[in-house]
Amino acid sequence: MFLKSRAILPGFGLSFGISLFSLSLMVVIPFAMLAYSTWGMGWKTFYSTITHPQVLSAIYLTLKISFLAVLTNVIFGTLIAWVIVRYQFFGKGLINALVDLPFALPTAVTGIALATLYAPNGWLGKWFNFKIAFTPIGIWLALVVVSLPFIVRAVQPVLEDLSVEFEEAAQTLGAGSLTIFRRVILPELLPALVMGSGMAFARATGEYGSVIFIAGNIPFSSEILPVIITSKLEMFDTQGASAIALFMLVISFVILFIFNKAQWLLSKRLGARV
Amino acid sequence: MTLLKKLSVLVIGASLVGSVVAQSAQKNFLNVSYDVMRDFYKEYNPLFLKEYAAKHNGATLNIQQSHGGSSKQALSVANGLQADVVTMNQSSDVELLESKGLIHAGWDKEFPNHAVPFTSATVFLVRKGNPKNIQDWTDLTKEGVQVIIANPKTSGNGRYSFLAAYSAALKANNDDHDKAKAYVKALFKNVPVLDNGGRAATTTFVKRNIGDALLTFENEANMAAKEFGENEFELVYPTYSIKAENPVAVVDTVVAQKGSADIAKAYLDYLWSEPAQELAASLYLRPSNPDILAKYKERFPAMETFRANDVFGSWPEIMKTYFADGGVFDQIQQP
């Protein structure tokens, strides 16, 4: 009973039982039902459902824009984390709290706010000579907003733990600031950055509430996958909807797995903190 | 239905649609309806309660309303939401409940006018002064005209709009389906945004200022024109359009279990009463009572309308031919 011998506090059996029970009730059973209800349609129908050109185009759009949004956040999220950790300034606490706002706000509110702002007649939208709302750019914007906290909050603690001494040591050895960033800071950040990106990506691919208000939903150009799932439900095609949902889940799972693996390998190779 | 299958429908429904599976209290009376009918039933319920109390020695009821997208609501009822009555915007939503055994066949004969207390029609809402001079269906496919329609895949409103456009083209081209398809293809080329529901489409048109014409129900168009500025929009009545029928039905299995069959019947019957029909007319729904329709005739200009079922067959057939995957709507969307 090596598990018991390692625990200092008693009660492992009971707490483990409760954890397992609640986890199954909340996560495993619903997802299993998704698989179960898809099972009945057979492989052929499943394949033809997910390879429908309109579905494929939505999958491609969703993945592409999610990737671009994460990439944006890798740059700006890291920058925000850097500013919050390394500098002292007035209103730092407020900025720190603002980062979490996309988590707390109902996504529909985010979506409506963005659509109102960036519509062709909106406060911000009217200053651009190209359309933002109701195009893929609008989707990108919504995904950037909802996935921002993941990267900032993943990078922040690592940056906090990173001592300035390393950078000073590198400096005394004659390294320039670019080299310091590339050889000293980035390797430390990389595992956290990868993990944050993975979570942000998973969140972005499944995002519905905010995107629905700002996407144009025109098939083959600005239609995201959740809209196709909704349209299937509106036709009472629960099976088709769960097939696509399941497929999306598999994609997200594979991506999370790859990110986790990459993070694990990176932290092992670099000997960095996770 | 096996227990497992029931459970799967329940869990999928709850997790995907986010529907509430209510184990409602027995004394409550629940009317499950679609979202734009909220205003009507909010005023109708007190009317009915007064009538009900007068007939039953001051007896009172707790009437609850549930509103949302019509098909989503139907799915919730199919998954176990304990609705006494459903008041939907399309008979396919009631037919789903019939196919699941919750409502007996022949529900559309239990009440007058195919169980439709009042109707609406698909009309155009345009900007003040009608700058693009949109008068009829053919104007919508012109170069440079932008049309806002709700997504026919996700909304009953959009389906009615699609069928109205298609049918108008059929009529103009001696029932040539190829020409009708070409027309709707050209029409949807002019659609910059496909919103998920009728209300969202209205928001896009009136608040976001996108599009030259909004295709929606007459009552919604009137409400939008009234609520968002008296002098900003005007209604255009096409010469030929679809009659949007909003059927009502008693959910037989639920009322049998709750013992509320009489209340449910009385609740829906009262929709054909004079005060209820007047209320409908005041909210720009075309009353089925001809006297009241005549009384408000300046509100409801005469237009030639058709029933979807008369032109396109039953709703399951319509859904299969036009809106299911690979149907006509999908075909015309192909680039």
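Just so it is clear, none of the values below were taken in a lab; they were calculated from the coordinates. The model shown is predicted, which means the values in this text are computed figures rather than measured ones. Cβ placement follows ideal geometry from the backbone for every residue including glycine, while neighbour counts extend to all protein chains displayed.
The label-point distance for B:HIS177 and B:HIS104, in a model that sets each label 7 Å from Cα toward Cβ, rounds to 3.7 nm. If I model chain A as equal point scatterers sitting on the Cα atoms and use the Debye formula, what is log10 I(q)/I(0) at q = 0.10, 0.15, 0.17 Å⁻¹? Normalising to I(0) and taking log10 leaves -0.69, -1.21, -1.33.
Under the definition of partner shielding as Cβ atoms of other protein chains within 10 Å of a residue Cβ, what is the mean value for peptide A:225-234?
6
Assuming R0 = 30 Å, can you tell me the calculated FRET efficiency for the pair A:THR172 and A:PHE76, based on Cβ-Cβ distance, to the nearest 0.05? Here the calculated transfer efficiency is 0.45. By DSSP, the beta bridges lying fully in the protein assembly as shown are antiparallel in about 50 percent of cases.
Antiparallel as a % of all DSSP beta bridges within chain B, to the nearest 5? So the antiparallel bridges in chain B amount to around 50 percent. For the pair A:SER221 and B:ASP35, what calculated FRET efficiency results from E = 1/(1 + (r/R0)^6), where r is the Cβ-Cβ distance and R0 = 30 Å, to the nearest 0.05? The calculated FRET efficiency here is 0.65.
Express the relative contact order of the range A:51-273 as a whole percentage, based on alpha carbon pairs under 8 Å and six or more residues apart in sequence.
Relative contact order comes out at 28 percent.
Among B:SER241, B:SER273, a tally of other beta-carbon atoms within 10 Å of each Cβ gives an order, fewest to most, of B:SER273, B:SER241. Shielding by partners for peptide B:199-211, expressed as the average number of C-beta atoms from other protein chains within 10 Å of each residue's C-beta, is 3.
Expressed as a fraction of 2.2 N^0.38 Å, the value expected for a compact globular protein of N residues, the C-alpha radius of gyration of the range B:110-238 is 1.04.
Take every Cα pair under 8 Å whose residues are at least 6 apart in sequence, average their separation, divide by the length of chain B, and the relative contact order is 22 percent.
At 222 nm, what value in deg cm²/dmol follows for the protein assembly as shown if DSSP H runs of at least 4 each add -39500 (n - 2.57) and the sum is divided by all its residues, to the nearest 500? All intermediate terms of the calculation are to be shown ahead of the outcome.
Values: 30 runs with 348 residues, N = 609.
Dividing the helical sum by the residues of the protein assembly as shown leaves -17500 deg cm²/dmol.
What is the sum of charges around A:ALA243, taking Lys and Arg as +1, Asp and Glu as -1, for the other residues whose C-beta is under 10 Å from the C-beta of A:ALA243? Local charge sum for A:ALA243: 0.
Normalising the average separation of contacting C-alpha pairs (under 8 angstrom, six or more residues apart) by the number of residues puts the relative contact order of the range A:134-213 at 52 percent. Placing pseudo-labels 7 Å out from each Cα toward the beta carbon at A:TRP127 and A:SER48 gives an inter-label distance of 5.2 nm. For the listed residue pairs A:LYS131/B:LYS179; B:LYS72/B:LYS100; B:LYS109/B:LYS185; B:LYS185/B:LYS226, the alpha carbons are over 25 angstrom apart in A:LYS131/B:LYS179; B:LYS109/B:LYS185; B:LYS185/B:LYS226. Assuming R0 = 35 Å, what is the FRET efficiency of A:ILE8 and A:PHE181, from their Cβ-Cβ distance, to the nearest 0.05? With a Förster radius of 35 Å, E is 0.25.
Sorting the segments B:217-228, A:31-42 by their residues' average number of neighbouring beta-carbon atoms within 10 angstrom, most packed first, yields B:217-228, A:31-42.
Charged neighbours of B:MET223, selected by a Cβ distance under 15 Å, balance to -2 (K, R count +1; D, E count -1).
Can you tell me the order of B:199-210, A:11-22, B:158-169, B:255-266 when each peptide is scored by its average per-residue count of other Cβ atoms within 10 angstrom, highest first?
Result, highest mean Cβ count within 10 Å first: B:158-169, B:199-210, B:255-266, A:11-22.
Computed over the alpha-carbon atoms, the range A:155-247 gives an Rg to Rh ratio of 1.31, Rh here being the Kirkwood radius from the mean inverse distance.
Which whole number gives the average, over all residues in A:212-223, of C-beta atoms from other chains lying within 10 Å of the residue C-beta?
Partner Cβ neighbours, averaged per residue: 5.
Determine the sum of side-chain charges near B:TYR322: Lys and Arg each +1, Asp and Glu each -1, restricted to other residues whose C-beta is under 11 angstrom from that of B:TYR322.
+2
Computed from the Cα positions only, the extents of the protein assembly as shown along the three principal axes stand at 95, 62, 53 Å, in decreasing order.
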